[in-house]
Each structure stands twice: as structure tokens, then as C-alpha cells.
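Input: a single structure, listed below in C-alpha cells.
The values are calculated or read from the model by the stated rules, or taken from the named source; none is laboratory data. Keep in mind that what you see is a predicted model, and the values were worked out from it rather than measured. As a convention, Cβ positions derive from the backbone with ideal geometry for all residues, glycine included, and neighbour counts pool all protein chains shown. Protein only, heavy atoms only, side chains kept; ligands, DNA and RNA dropped before computing areas. Shrake-Rupley method; radii C 1.70, N 1.55, O 1.52, S 1.80 Å.
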Amino acid sequence: MISDNIHAVQSTICQACVRSGRDASAVTLMAVSKTKPNEMLLEAYEAGMRVFGENYVQELCTKMETLPDTFIWHMIGHLQRNKVKYIIGKVALIHSVDSLRLAEQIEKEAAKADVIQDILLEVNVAEEESKWGFTLENAGDMVRTISSFPHLRIKGLMTSAPYTLNPEENRIYFRQLKQCFDAIGNLSIPNVSMEVLSMGMTGDYEVAVEEGATLVRVGTGIFGERNYSK
Ligand SMILES: *Cc1c(COP(=O)(O)O)cnc(C)c1O
């Protein structure tokens, strides 16, 4: 049952908070619902979930139109510039801002729609070839540059760590991103607040919480395995 899964994940988060001396209320659990039908999202909502993460623009738009407007939507997947217009001002947070050109496009569409769009910058901490994102080295410069865009508000950083069967292998990446997050926060850049550190998925969220995540993105751990063949 989805509600049992949610309670289990929440209790694992609480235990990780206790171990690391953190307050469990500082960690938001996001339900990553890509490929899952509305009925399952409603079940998760009834079990207390409010923030839902989606990867594909079309699927996200369909779900936003058909589910109650009390659902809070975050875009977490790679975003193509020509699709920005469909989600601007409708999603509470875009986690996957992974290039300056994408940030420029979001700025343009947000200006057109006359909204301020909250975003995170995605950092490819492990520098995997297959993944999008800024490097740890240029994240600070990118935050500075993008902070001058009047219709964007930078709320923090996001990473997807490498796929691994041993989550301890990702601890170093989570720790490095947390250091980067704190360092940028200490710069007190206008229009930038380092509030959201989005890291940790089903396989490694415990470690991410121990290392300072404020938002974990859990799909399989809540809804079960995904079937992409449908
Ligand atoms: C699919 C996805 C998740 C959730 O992955 P699980 O392993 O199912 O928890 C989290 N973050 C991003 C960016 C994803 O694409």
C-alpha cells in the first residue's frame, strides 16, 4: 500500500535526522510520480503527500489539469527550452535548471507571463557524462549570473547522484554539494536564498538526509517500480 510505503519512508527520514542531529521538519518528502496514474497520486495525497515531482512536460501538464489544484508540482526532469512556456508559473519549483541558456529561456517566458519563477540550479557533482548540470566549480558563478534575472528566484541546488547499489558511495557527493550550498548561502547574493537542497532518491535518501538534504525525491520507494513500456 502506498500509505504504508510513505510512512516507512518518513520514519526512515526521521531516524536519519536523529542520527545526524537534524530536525525532521527541515526535510520535505517529495513523491516522484512520473509514469504513475492519477489514482496512485490521489492515494499518496490522502496519505499526506503534497509535493509531487514530474519529469516530462506533457505528463506534468495533463496531471496538473486533471488533479485538484491543492497539489504542489515540481519539475525535476531535464527541461527542453521549447517546452518552458507550458509550465511557467504553474509549477512551484523547477529543480532542473542545468544551463545558462535554459535559465535565459525561463526568464523570457516568466517575463511574458508576468510571474516570478522559483528555480534550483542542478549540479552534476560526480561529473557523469550522461547527466546534465553545472559543475561544482562553476555553480557559484552561475548563481551570481542568474541572480540578476528579474523574473527568476534561485532557491537552492539540486543533484542526482550516480546510480549505485551502495549509497555510501554517494555520501561524498552529497557532502560536497552541501558545502557548495553553504558557501553560496554565505555570500548573501541579492535575490538568492539557499533554502532548498534537493538530493537523495529511493536508493540513497537516508545518506542524503544525513548530509543535509532539505528535500528528498522518492519515486520507487513510494509507488513501486516504474514500467516504461506502457
Ligand atoms: C525518477 C527520479 C527520481 C526518483 O527516483 P526513484 O529511484 O524512483 O526514487 C528522483 N529524481 C529525479 C530527478 C528523477 O528523475
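Calculate, in whole percent, how much of the Cα-Cα pair population of the chain lies beyond 31 Å.
When all Cα pairs of the chain are counted, 18 percent exceed 31 Å.
Between T135 and E168, what's the calculated FRET efficiency when r is the beta-carbon distance and R0 is 35 Å? Round to 0.05.
Details: r = 23 Å, r/R0 = 0.66.
That gives a FRET efficiency of 0.95.
What size of dipole, in debye to the nearest 20, comes out for the chain about its Cα centre when the only charges are +1 on Lys and Arg C-beta atoms and -1 on Asp and Glu C-beta atoms?
It comes to approximately 460 debye.
Can you check what the net charge comes to around F181, using other residues whose Cβ is under 14 Å from the Cβ of F181 (Lys, Arg +1; Asp, Glu -1)?
Summing Lys and Arg as +1 and Asp and Glu as -1 gives -1.
If contacts are Cα pairs under 8 angstrom and at least 6 residues apart, what is the relative contact order of the chain in percent?
For the chain, the relative contact order is 21 percent.
Ignoring any ligand, DNA or RNA, what whole percent of the accessible area of the chain comes from carbon and sulfur when the probe is 1.4 angstrom?
The C+S portion of the solvent-accessible surface of the chain is 50 percent.
Below 8 Å between Cα atoms, with a sequence gap of 6+, how large is the relative contact order for region 1-93 in percent? Intermediate values should be presented prior to the final figure.
Values: 92 pairs, mean separation 21.7, N = 93.
Reported relative contact order: 23 percent.
Sorted by accessible area with a 1.4 angstrom probe, largest first, how do K112, K34, K83 fall?
Ranked list, largest accessible area first: K112, K83, K34.
Note down the nm distance, to one decimal, between modelled labels 7 Å out along Cα→Cβ at E128 and at R101.
About 2.3 nm, to one decimal.
Per 0.36 nm of contour for each residue apart, how much would the distance between R175 and S193 grow if the chain were fully extended, relative to their Cα-Cα spacing?
Values: separation 18, 0.36 × 18 = 6.48 nm, distance 1.90 nm.
Stretched out fully, the R175 to S193 stretch lengthens by 4.6 nm.
Please report, ordered by residue number, every helix of the chain (full DSSP H runs) that is 18 Å or longer along its axis going by C-alpha atoms and whose mean Kyte-Doolittle hydropathy reaches -1.0.
Helices meeting the criterion: 2-19, 100-113, 171-186.
What's the longest bit of the chain with no exposed chymotrypsin sites (Phe, Trp or Tyr not before Pro), using DSSP loop states and at most 12 other Cβ atoms within 10 Å as the test?
That gives 1-162 as the longest site-free run.
Starting from the Cα of N227, step 7 Å along the direction of its Cβ; do the same at R50; then give the gap between the two resulting points in nm.
Label at N227, label at R50, 3.3 nm between them.
Given a Förster distance of 30 Å, report the FRET efficiency between R19 and N186 from their Cβ-Cβ distance, rounded to the nearest 0.05. It would help to have the intermediate numbers written out before the result.
Numbers: r = 26 Å, r/R0 = 0.86.
Calculated value: 0.70.
Given an 8 Å cut-off on Cα distances and at least 6 residues of separation, report the relative contact order of region 79-118 as a percent.
Relative CO of region 79-118 lands at 53 percent.
Per residue, what accessible area does region 1-160 have, given a 1.4 Å probe and all protein chains present, in Å²?
Per-residue accessible area for region 1-160 comes out at 47 Å².
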